[in-house]
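Q: The structure follows.
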Amino acid sequence: MAIGDIIVGVDIGTTKIATVVGEVNNFEQIETICNTSHKCSGLKKGKIISEEEISLSLEKVIKDAENETNLKINSAYVTIPGKYTTIVQNSVTS
């Protein structure tokens, strides 16, 4: 990590989706510059029950974070609960 790097984390939970944006400071520590969250009921007991609900909530928290920081978010570290999930690296351009 270099000074000034932006790090984005997204947590997809059972009741909400949360986003945190941080910037690497002069001490090589990550300083939080923004956090957003939005209610989401797309997961239940670790299983995805509504992909659309998750997608809409995810879009909202990302847009809120972008508006708050005046940055374009291109990538993030994502956490999602459940033993039924598979990790796939993907990129989306708009």
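Q: Let me confirm something: among Thr86, Thr32, which residue is assigned to a strand (DSSP E or B), without any contact (Cβ under 8 Å) to a residue 24 or more places away in the chain and loosely packed, with under 14 Cβ neighbours inside 10 Å?
A: Thr32
Q: Considering only segment 29-48, state which residues are modelled with pLDDT of 90 or more and among the hydrophobic types (A, V, I, L, M, F, W, C). Even if it seems obvious, please write down each step before you answer.
A: Taking segment 29-48 first, the residues modelled with pLDDT of 90 or more are 29-40.
Correct list: Ile30, Ile33, Cys34, Cys40.
Q: Turning to a different aspect of this structure: Anything in segment 67-83 that is at pLDDT 75 or above and either assigned to a loop (DSSP other than H, G, I, E, B) or surrounded by 14 or more Cβ atoms within 10 Å (Cβ to Cβ) (or both)? List them, or say none.
A: Glu68, Thr69, Asn70, Leu71, Lys72, Ile73, Asn74, Ser75, Ala76, Val78, Ile80, Pro81
Q: When residues of segment 18-29 are filtered for being open to solvent by 70 Å² or more (accessible area, probe 1.4 Å) and among the hydrophobic types (A, V, I, L, M, F, W, C), how many remain?
A: Here the count works out to 1.
Q: Taking the condition under 13 Å from Val78 (Cα atoms), touching a strand residue (DSSP E or B) at 6+ places or on another chain (Cβ under 6 Å) and surrounded by 14 or more Cβ atoms within 10 Å (Cβ to Cβ), does Asp64 pass?
A: no
Q: Of all residues in segment 35-58, count the ones that are in a loop (DSSP other than H, G, I, E, B), touching a helix residue (DSSP H, G or I) at 6+ places or on another chain (Cβ under 8 Å) and either without any contact (Cβ under 8 Å) to a residue 12 or more places away in the chain or not small (Gly, Ala, Ser) (or both).
A: 1
The values are calculated or read from the model by the stated rules, or taken from the named source; none is laboratory data. Model, not experiment: these values are computed from the prediction. As a convention, Cβ positions derive from the backbone with ideal geometry for all residues, glycine included, and neighbour counts pool all protein chains shown. We work out accessible area using only protein heavy atoms, side chains counted, and drop any ligands, DNA or RNA first. Shrake-Rupley method; radii C 1.70, N 1.55, O 1.52, S 1.80 Å.
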